[in-house]
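Novice: Please read through the structure below; I'll follow up with questions.
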Amino acid sequence: QVQLVESGGGLVQAGQSLRLSCAALKVRFSFNAMGWYLQAPGKQRELVATITSDGTTHYSDSVKGRFTISRDTAQNTVYLQMNSLKPEDTAVYYCNARRNLYGNYVEYWGQGTQVTVSS
């Protein structure tokens, strides 16, 4: 079965950087879109950034200018470069991948990786 495995999270001080990675295992096709979502304590999961198969990106307003999403050539791995981290970025970050099926889609989620930013 398809597995999304995240890595790169950790505990850092404000102003430092992290680079998250998400590798899609046992995948013999390309995803139409991949992205990152976050879930902070006591809040709902929300969008951070997405990237489509043609390279189109979208970012939430809170991370524009600080975070950069990218993918590898095979589109089976997605990265999130997180610069100028702030305490409010603290959350569990989840990798997401979507495969379109003629107007519908199937979606996969990773297990999440914790990012903690201290002041």
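The values are calculated or read from the model by the stated rules, or taken from the named source; none is laboratory data. Given the structure is predicted, the values throughout are model-derived calculations rather than measurements. Please note: Cβ atoms are built from the backbone with ideal geometry, for glycine as well, and neighbour counts cover all protein chains shown. Heads up: the accessible areas ignore ligands, DNA and RNA and are worked out on the full protein's heavy atoms, side chains in. Shrake-Rupley method; radii C 1.70, N 1.55, O 1.52, S 1.80 Å.
Novice: Positive end of the dipole of the chain, charges at C-beta (+1 Lys, Arg; -1 Asp, Glu), about the Cα centre: which of 41, 104, 78 has its Cα farthest in that direction?
Specialist: 104
Novice: Let's see if you can work this out: charge +1 on each Lys and Arg Cβ, -1 on each Asp and Glu Cβ, no other charges. What is the dipole magnitude of region 8-119 about its Cα centre, in debye to the nearest 20? Present the calculation step by step, with values, prior to reporting the outcome.
Specialist: Details: 11 positive and 7 negative charges, 40 e Å.
With Lys and Arg at +1 and Asp and Glu at -1, about 200 debye.
Novice: Solvent-accessible area per residue for the chain at a 1.4 Å probe radius, Å²? Display every interim value, and only then the final one.
Specialist: Values: 6630 Å² over 119 residues.
Ligands and nucleic acids excluded, the figure is 56 Å² per residue.
Novice: Given a 1.4 Å probe and every protein chain left where it sits, what share in percent of the accessible area of the chain is carbon and sulfur? Provide the component values of the computation, followed by the final result.
Specialist: Values: 3050 of 6630 Å².
Whole-percent figure for carbon plus sulfur exposure: 46.
Novice: Still on this structure, I have one more. Under 20 Å Cα to Cα from residue 43, which aspartates and glutamates show up? Leave out anything in the same chain fewer than 8 places away.
Specialist: Within the straight-line cut-off, residue 43 pairs with 61, 88, 89.
Novice: Assuming R0 = 22 Å, what is the FRET efficiency of residue 3 and residue 100, from their Cβ-Cβ distance, to the nearest 0.05?
Specialist: 0.65
Novice: Moving on to the next point. Answer with one residue from 119, 17, 50: the one whose Cα lies farthest towards the positive end of the charge dipole of the chain, charges on Cβ with Lys, Arg +1 and Asp, Glu -1.
Specialist: Ranked along the dipole, the leading option is 50.
Novice: Please report the Cα spread of region 1-95 along all three principal axes, rounded to whole Å, starting with the longest.
Specialist: Projected onto its principal axes, the Cα set of region 1-95 covers 38, 25, 23 Å.
Novice: Within region 69-90, which residues have the backbone N less than 16 Å from the label spot 7 Å out from residue 13 along Cα→beta-carbon, could you tell me?
Specialist: 84-87
Novice: Given Cα pairs under 8 Å that are at least 6 residues apart, what percent is the relative contact order of region 12-119? Kindly include the intermediate steps, with their values, before the conclusion.
Specialist: Working: 225 pairs, mean separation 37.2, N = 108.
Reported as a whole number, the value is 34 percent.
Novice: Could you sort 36, 109 by accessible area so the largest value comes first, with the probe set to 1.4 Å? Intermediate values should be presented prior to the final figure.
Specialist: Values: 36 0, 109 100 Å².
Result, largest first: 109, 36.
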